[in-house]
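Colleague: Take this structure, written in structure tokens, and hold onto it; I'll ask about it next.
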Amino acid sequence: MSNGLQTPDGPLVTSDWLQNHLGYRRVRVLDVRGRHPSSSLPHAKRVEHAAGHIPGAVFADWERDFIDADDPVPVQIAGAEGFARRAGELGISAGDLVVAYDDYYGIFAARTAWAFRYYGAEARVLDGGWTTWMDEGRPVSQGAVEPEATWFIAQPRPQHRRTLPEVQDAQARGAAFVDARPRHLFLGEQGAANTGHIPGSRCLPYQELVDGATGLWAAPDAVARLARDAGIDPADPPRELIATCGSGVSATVAMLSLERIGIQCDGVYDGSFNEWSRDGERPIAYGRAA
């Protein structure tokens with residue numbers, strides 16, 4: 001990228017790389033630690049951030065900072081104007097490299113990185129996240145970081161995000177889908193809410209792509225094996241492959257994992273199964289993928 005900053009290839013950065021680049025003016029670290037949406041506790045871990053975070057990291061509540069609160073479908077990405085305003089408030093400007101981290105399977109960090117990619121920025125996920133950073137005894141700061149506001153210019157890359165009409169058109173063309181939800185939800189049972197999958201989907205659960213105990217992402221060889229088991233051949237991937245999940249969040253983990261083995265997804269279906277299953281006229285498949 002510009003400004004003389006050399007970033008590693010691929011969607012991840014290591015804790016070594018990040019520690020060595022914490023002083024770089026163009027590296028912007030976002031702490032997006034949070035809890036699963038089913039938790040009764042506050043989803044955004046602001047208290048935990050104040051107690052300890054990677055030096056210079058700014059806290060971002062991905063459920064509020066980067067979503068369109070007026071969209072009837074939950075947690076859809078914010079529009080360009082709103083996204084740019086909030087990114088600027090967080091101190092992120094054109095030419096910056098965003099590095100996001102969390103402590104829950106990388107799903108919030110991956111979603112954040114995807115969102116910045118969608119709006120034209122360079123973004124990476126910290127491999128291992130907060131858990132490995134702490135396990136390795138790396139530097140930690142306390143207290144909230146107050147960023148200096150700046151200007152962020154949102155330049156949408158439509159190929160990164162798919163809408164319901166686009167997904168329906170792609171399905172009619174014979175596109176394949178990769179579903180990152182837990183396996184039991186993918187398999188589903190007729191009559192059980194929020195289960196089953198979009199016809200044409202392959203099952204690649206996010207919990208199998210990231211180690212929940214360490215936050216480390218599965219090695220490329222392991223991802224390739226999981227992909228083959230799911231019916232996605234790295235040597236001959238589908239001509240069109242769209243990432244999906246329940247709400248467009250963990251889908252980004254599948255997308256970035258496949259990217260690491262040379263498979264480029266043709267966008268994330270932002271509405272995902274939450275939106276797809278709202279209309280009883282849209283088909284839902286159950287059981288293993290055909």
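The values are calculated or read from the model by the stated rules, or taken from the named source; none is laboratory data. Nothing here was measured: the structure is a model prediction, and the numbers come from that model. Positions of Cβ are backbone-derived with ideal geometry, glycine not excepted, and every protein chain shown enters the neighbour counts. Surface areas here come from the heavy atoms of the whole protein model, side chains and all, with no ligands, DNA or RNA. Shrake-Rupley method; radii C 1.70, N 1.55, O 1.52, S 1.80 Å.
Colleague: May I ask you to list the residues in the range 1-23 that are modelled with pLDDT of 95 or more and of a type in the set (Ser, Thr, Tyr)?
Modeller: Thr14, Ser15
Colleague: A further question follows. Of all residues in the range 208-247 being of a type in the set (Val, Ile, Thr) and in contact (Cβ under 8 Å) with a residue 40 or more places away in the chain, which is most open to solvent (accessible area, probe 1.4 Å)?
Modeller: Taking the candidates together, the pick is Thr214.
Colleague: Within the range 248-290, can you find the residues that are in contact with a Ser or Thr (Cβ under 6 Å, 6 or more places away or on another chain), buried (at least 23 other Cβ atoms within 10 Å of the Cβ) and closer than 17 Å to Leu187 by Cα?
Modeller: Those that are in contact with a Ser or Thr (Cβ under 6 Å, 6 or more places away or on another chain), buried (at least 23 other Cβ atoms within 10 Å of the Cβ) and closer than 17 Å to Leu187 by Cα: Ala251, Ser272.
Colleague: Checking the structure you have, find out if any residue of the range 161-170 is over 28 Å from Trp130 (Cα atoms), open to solvent by less than 40 Å² (accessible area, probe 1.4 Å) and not in a helix (DSSP H, G or I).
Modeller: Yes, that holds for at least one residue.
Colleague: Out of the helices (runs of 4 or more DSSP H) lying entirely within the range 1-89, which hold 2 or more residues that are touching a residue at least 40 places away in the same chain (Cβ under 8 Å) and closer than 22 Å to Val253 by Cα? Full working, then the answer.
Modeller: Working: elements: 15-20, 46-51, 62-65, 80-89.
In the range 1-89, the matching helices (runs of 4 or more DSSP H) lie at 15-20, 80-89.
Colleague: Please specify each residue of the range 135-161 satisfying the condition of being within 26 Å of Ala254 (Cβ to Cβ) and not small (Gly, Ala, Ser). Quick ask: steps written out before the conclusion?
Modeller: Filtering the range 135-161 down to residues within 26 Å of Ala254 (Cβ to Cβ) leaves 135, 154-161.
Result: Asp135, Gln155, Pro156, Arg157, Pro158, Gln159, His160, Arg161.
Colleague: From Asp61, Asp65, grab the single residue that is closer than 19 Å to Arg33 by Cβ, acidic (Asp, Glu) and in contact with a Lys or Arg (Cβ under 6 Å, 6 or more places away or on another chain).
Modeller: Asp65
Colleague: Can I ask one more? Tell me, yes or no, whether the range 145-159 has at least one residue that is exposed (fewer than 15 other Cβ atoms within 10 Å of the Cβ), among the charged types (D, E, K, R) and within 28 Å of Glu275 (Cβ to Cβ).
Modeller: Yes, the range 145-159 has at least one match.
Colleague: Can you find a residue in the range 120-130 that is touching a residue at least 24 places away in the same chain (Cβ under 8 Å), out of contact with any Ser or Thr (no Cβ under 9 Å at 6 or more places or on another chain) and farther than 20 Å from Gln207 by Cα?
Modeller: Looking through the range 120-130, at least one residue is touching a residue at least 24 places away in the same chain (Cβ under 8 Å), out of contact with any Ser or Thr (no Cβ under 9 Å at 6 or more places or on another chain) and farther than 20 Å from Gln207 by Cα.
Colleague: Can you tell me how many residues in the range 187-217 are under 19 Å from the mean Cα position of the chain (by Cα) and not in a loop (DSSP other than H, G, I, E, B)?
Modeller: The total comes to 8.
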